[in-house]
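Undergrad: Mind having a look at this structure? Questions to follow.
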Amino acid sequence: GLLSSEPSFLLLGNNTARYSDPEFIRFKMAKKSRLLLTSGGGAPVLDGTAGNHSVFAGAFIDALAENSGILAAPDLFLRVRDRVAAAAARFEFEQRPELKTIKAAGHEVGDFFFVPK
């Protein structure tokens with residue numbers, strides 16, 4: 001999480017429905033994307049509590065495995081964030097993943113899109 005001095009990615013609520021609009025996807029794909037999805041910013045995080053994976057890695061893998069369409073980075077982030085927060089709470093721990101731009105890397109409001117094979 002220390003690769004960015006930027007504040008967390010701005011999401012306008014949890015509604016990312018615009019990411020299903022083909023025109024919006026074309027716009028985003030034409031721009032550079034320099035984003036990072038962190039397990040917890042600069043704070044300590046849980047490790048090894050989800051079987052062979054950290055809470056974050058387990059949530060990330062599950063979110064990708066359950067995806068059946070075009071999944072943009074903000075949608076993936078919301079799914080991972082909520083799972084990580086819930087899993088960490090079971091251990092009476094607070095963990096907050098972050099989605100940020102990488103500082104000085106030339107981010108142009110592009111995005112990453114995950115599509116199942």
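Undergrad: Of the residues Val80, Val109, Val115, which is of a type in the set (A, V, I, L, M) and surrounded by 16 or more Cβ atoms within 10 Å (Cβ to Cβ)?
TA: One residue alone meets the criteria, Val80.
Undergrad: Next question. Going by the conditions given, is Arg79 under 28 Å from Glu23 (Cα atoms) and basic (Lys, Arg)?
TA: It is true that Arg79 is under 28 Å from Glu23 (Cα atoms) and basic (Lys, Arg).
Undergrad: Hey, another quick one. Could we say that Glu94 is charged (D, E, K, R) and in contact with a helix residue (DSSP H, G or I) (Cβ under 8 Å, 6 or more places away or on another chain) here?
TA: yes
Undergrad: Next question, about the same structure. Restricting to the stretch 69-117, name every residue that is within 9 Å of the chain's Cα centre (by Cα), under 15 Å from Ala57 (Cβ atoms), part of a helix (DSSP H, G or I) and not aliphatic (A, V, I, L, M).
TA: Across the stretch 69-117, the qualifying residues are Phe77, Arg79, Arg81.
Undergrad: Which one is farthest from Leu99 (Cα to Cα) among residues in the stretch 30-66 that are among the hydroxyl-bearing types (Ser, Thr, Tyr), outside any strand (DSSP E or B) and within 17 Å of the chain's Cα centre (by Cα)?
TA: Ranking the qualifying residues of the stretch 30-66, first place goes to Ser54.
Undergrad: For the stretch 37-67: of the residues being crowded, with 18+ Cβ neighbours inside 10 Å and touching a strand residue (DSSP E or B) at 6+ places or on another chain (Cβ under 6 Å), which is nearest to Arg90 (Cα to Cα)?
TA: Result: Gly58.
FYI, it's all coordinate maths here, none of it is from the lab. Keep in mind it's a predicted model, so treat the numbers as computed, not measured. When we count neighbours, we look across all protein chains shown, and the Cβ atoms used for this are built from the backbone with ideal geometry, even at glycine.
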